[in-house]
1. Along segment 173-179, what does the Karplus equation 6.51 cos²θ - 1.76 cosθ + 1.60 (θ = phi - 60°) give for ³J(HN,Hα), rounded to whole Hz, x for Gly and Pro?
2. Starting from the Cα of K198, draw a straight line to each of the aspartates and glutamates and keep only those under 15 Å, dropping any in the same chain fewer than 8 residues away.
3. Can I get the semi-axes of segment 41-91's equivalent ellipsoid? Compute them from the C-alpha gyration tensor as square roots of 5 times the eigenvalues, in angstrom, largest first.
4. Check cross-link reach from K112 to the lysines: straight Cα distance under 24 Å, and skip same-chain residues fewer than eight apart.
5. Can you compute the modelled spin-label distance between A34 and A47, with each label point 7 Å from Cα toward Cβ, in nm?
6. Take the chain, connect every pair of alpha-carbon atoms lying under 10 Å apart with a spring to form a Gaussian network, then pick out the residue of Y129, Y185, Y95 with the largest mean-square fluctuation.
7. Per 0.36 nm of contour for each residue apart, how much would the distance between A179 and A267 grow if the chain were fully extended, relative to their Cα-Cα spacing?
8. In the set (i) 25, 22, 21; (ii) 41, 19, 16; (iii) 33, 24, 20, which value of semi-axes √(5λ) of the Cα gyration tensor in Å was calculated from the structure you see?
Amino acid sequence: MRLLLGAVGALLLSLPAAAKVESFPAGFRAQRIATNGATLYVRVGGAGPAVVLLHGYGETGDMWAPLAAELARDHTVVAPDLRGLGLSSRPADGYDKKTQAHDVAGVLNALKIDRASVVAHDIGNMVAYAFAAQYPDRLVRLVVMDAPLPGIGPWDQIVRSRALWHFSFGGPDAERLVAGRERIYLDRFWNEFSADPKKFSEASRVHYAALYARPGAMHAGFAQFAAFDQDARDNQTFASTAKLTIPVLAIGGDKSFGPTMAVVMRAAATDVRELVIANSGHWLMEEQPKVTIAAVRAFLDEAR
């Protein structure tokens, strides 16, 4: 970890601050890829070893633009919107993370990518773990950021937190309550899960609130949480069969999951590096983009 942090420091001065939703660099293309009963909106750019970026709830693949700009210098970067979110299609079902892992595999197949590293945040962590467990030969390295895995490690204690009431919030009445008030509902996440809510910019809030207000988007978002019980059962089966053996970097914000992120991953993997980023809550790419990008870059560079 000392070497990793040294590399982080070397990159900090060269990276731009991310004060708003940035565009993906010129040269990236956006395409729709049919996979596993869904059609995912995918951004692809760069050249070199592949890296897949998986977003979480309250954002879309757009969150990764600053990291994509850094990695695309020497990686092929693939950044999909998850099933049901952003500009991807909204199937009636398939929101368990085991199924969404097959979505990711289908995207890689369509792009003729055999192996990739995966960088994930929030619900993206859960899809990434399900992908790693089902396709171990296709994964090079894994970065997970600031969210638990259903059924893994201290999950039962984590879900008792009153701050996570949204895990059980869903159904037709919840959708009626939120309809037309998507910004109010999402502000709750961006404010309460930040160390400093001002770091999640107004431009970002407007951008993501508009995407989540699109027809069917909130229904699909609630479905991501409603699948957690099934995800827990699937993950327990995965972990009892075999732990991940590829290198894993577990990143937590010090005002959010912090070192618990590594505790979670050590219950599912044998080679886990721990990094806690200071002065950050859950939204690492918004609150501390420079440190987060540098940490991911340094970890992926070890494989080169």
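1. 5, 4, 5, 5, 5, 8, 4
2. Answer for K198, where 15 Å is the Cα cut-off: D187, E286, E287, listed by chain and number.
3. Numbers: eigenvalues 88, 23, 10 Å².
For segment 41-91, the semi-axes come out at 21, 11, 7 Å.
4. Within the straight-line cut-off, K112 pairs with K97, K98.
5. Once both label points are built, they end up 3.1 nm from each other.
6. Sorting by GNM fluctuation, first place goes to Y185.
7. On the way: separation 88, 0.36 × 88 = 31.68 nm, distance 3.84 nm.
The span from A179 to A267 would gain 27.8 nm if fully extended.
8. (i)
Every read-out reported here was derived from the displayed coordinates using simple, explicitly stated rules and does not represent laboratory data. Keep in mind it's a predicted model, so treat the numbers as computed, not measured. FYI the Cβ positions are ideal-geometry reconstructions off the backbone, even for glycines, and counts take in every protein chain you see.
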